[in-house]
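This is the structure I have questions about; it appears just below.
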Amino acid sequence: MRDVIEAGTPRRRRWIGIVVLAAVLAVPAVSLLISRNPGEQQAGRAPQAATTGPGTGDGRGEATGEQASVPNILRAGPRTTGDEETIDVVFPDGTKARVRYPAALRLGDRGSRPYQGAWISGERAMFRKLYAPVGGVPRGTTWIRSMTGDVSLWSGRDGQLLIFAFGRWRIALQDSRDGLTFEQRMEWARSLKGKETRDGYLVLSAKDPVHLSKPGDRLGGEPAGPGLLFGDGRSELVSLVLTRDCRRNSGIPPELRWNATYTDGVCRGDVFVSAAGKEAFVRTALLGIKVKLTE
């Protein structure tokens, strides 16, 4: 390299030197671009699809183009009997149930997402709700850093949030701007675990100081137990929440009230069934959905 540079005229030597210097500087620049936001390749990046399990709406075990387009939603293949469909579901605490509903509701095709109340104990015990954002990561968020190999920290419109990567699922914990301390966030990152069932449902577990809400637990008048939310959040939604002593502990989850023109709910044993959307859809859901706990 040295012989080539010194062989030419001063002007030529100057141009060659500039080219060599540019090439040297380009190497770390390219490396920086390639390694940018490593957390996006771990906990931060949304899965390509969470459409797994025994099948999808067409019953063949494969996702259609429409179904595969929205990650972080599990679509279970329903069994059809006349004008009714049946799907087997698993709540985030591991409780299994069989859900029977009018075929017009298309719950299997709409897909479900888990959500669960939880809190961290200590001098500043704080409650948080865990949920699965449509697409894997909420819109309008920016990656900040990795907390652990499976957890990353993001900045959003309403404060910061932790994103947990559990297999194909991404679970979010929304924090307020003056909420959890760094140490508490690390406790969340280390203590919360998730595992997929054979059919693709997510089951959560936690160790002290993090605790998961039980069926029937409430926060601020709202049910905080393990739940499943059917739909992609854009229009018609159905929620199933495990709620012991349902008539005393039921309530419409805020996820349904935020974007709905009409909401209502009803107890089905130890499960509170609620729906949001047009009144006809809600009425059909509350009259037609039957839930039987199987385990």
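The values are calculated or read from the model by the stated rules, or taken from the named source; none is laboratory data. It should be emphasised that the depicted structure is a prediction, and the values quoted were computed from it without experimental measurement. Note that we place each Cβ from the backbone using ideal geometry, even for glycine, and neighbour counts take in every protein chain shown.
Just a yes or no: is a residue in the range 113-136 modelled with pLDDT of 95 or more, of a type outside the set (A, V, I, L, M) and more than 30 Å from Lys290 (Cβ to Cβ)?
no
Residue-wise test of (1) at pLDDT 90 or above; (2) within 20 Å of Glu84 (Cα to Cα); (3) β-branched (Val, Ile, Thr).
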{"site": "Ser213", "(1), (2), (3)": "yes, no, no"}
{"site": "Glu236", "(1), (2), (3)": "yes, yes, no"}
{"site": "Leu242", "(1), (2), (3)": "yes, no, no"}
{"site": "Gly277", "(1), (2), (3)": "yes, no, no"}
{"site": "Val291", "(1), (2), (3)": "yes, yes, yes"}
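Give the range 131-158 a look and list any residue that's surrounded by 14 or more Cβ atoms within 10 Å (Cβ to Cβ), over 21 Å from Leu228 (Cβ atoms) and not hydroxyl-bearing (Ser, Thr, Tyr), or say none.
Scanning the range 131-158 gives Trp143, Ile144, Met147, Asp150, Val151, Leu153, Trp154, Gly156.
If you don't mind, another one. Restricting to the range 242-295, name every residue that is under 20 Å from Leu212 (Cβ atoms) and acidic (Asp, Glu). Can you show your working first?
Kept after step one, since they are under 20 Å from Leu212 (Cβ atoms), are these residues of the range 242-295: 242-246, 249-251, 253-255, 270-272, 293, 295.
Selection gives Asp245, Glu255, Asp270, Glu295.
Please determine, by comparing only the residues of the range 223-264 that are assigned to a strand (DSSP E or B) and more than 20 Å from the chain's Cα centre (by Cα), which one is nearest to Lys278 (Cα to Cα). First the steps, then the outcome.
Just the residues of the range 223-264 that are assigned to a strand (DSSP E or B), to begin with: 223, 227-230, 237-242, 263-264.
From what is left, the residues that are more than 20 Å from the chain's Cα centre (by Cα) are 263-264.
On the way: Thr263: 8, Asp264: 11 Å.
Among those that are assigned to a strand (DSSP E or B) and more than 20 Å from the chain's Cα centre (by Cα), it is Thr263.
Within the bounds of the range 225-239, is there any residue that is among the β-branched types (Val, Ile, Thr) and under 23 Å from Ala76 (Cα atoms)?
Of all residues in the range 225-239, those among the β-branched types (Val, Ile, Thr) come to 238.
Retained after the next criterion (residues that are under 23 Å from Ala76 (Cα atoms)): 238.
Taking every residue of the range 225-239 in turn, at least one turns out to be among the β-branched types (Val, Ile, Thr) and under 23 Å from Ala76 (Cα atoms).
Going through Arg268, Arg218 one at a time, which residue ends up being farther than 30 Å from Glu183 by Cα, in the same structural domain as Arg139 (by TED's automatic domain parsing) and without any contact (Cβ under 8 Å) to a residue 40 or more places away in the chain? Spell out how you get there, then give the answer.
Numbers: Arg218 fails: farther than 30 Å from Glu183 by Cα.
After applying the criteria, what remains is Arg268.
List the strands (runs of 3 or more DSSP E) inside the range 109-209, counting only whole elements, that have at least 3 residues being in the same structural domain as Gly225 (by TED's automatic domain parsing) and more than 23 Å from Ser239 (Cβ to Cβ).
Details: elements: 112-120, 126-131, 142-146, 151-156, 159-166, 169-174, 192-196, 202-206.
The qualifying strands (runs of 3 or more DSSP E) are 142-146, 151-156, 159-166.
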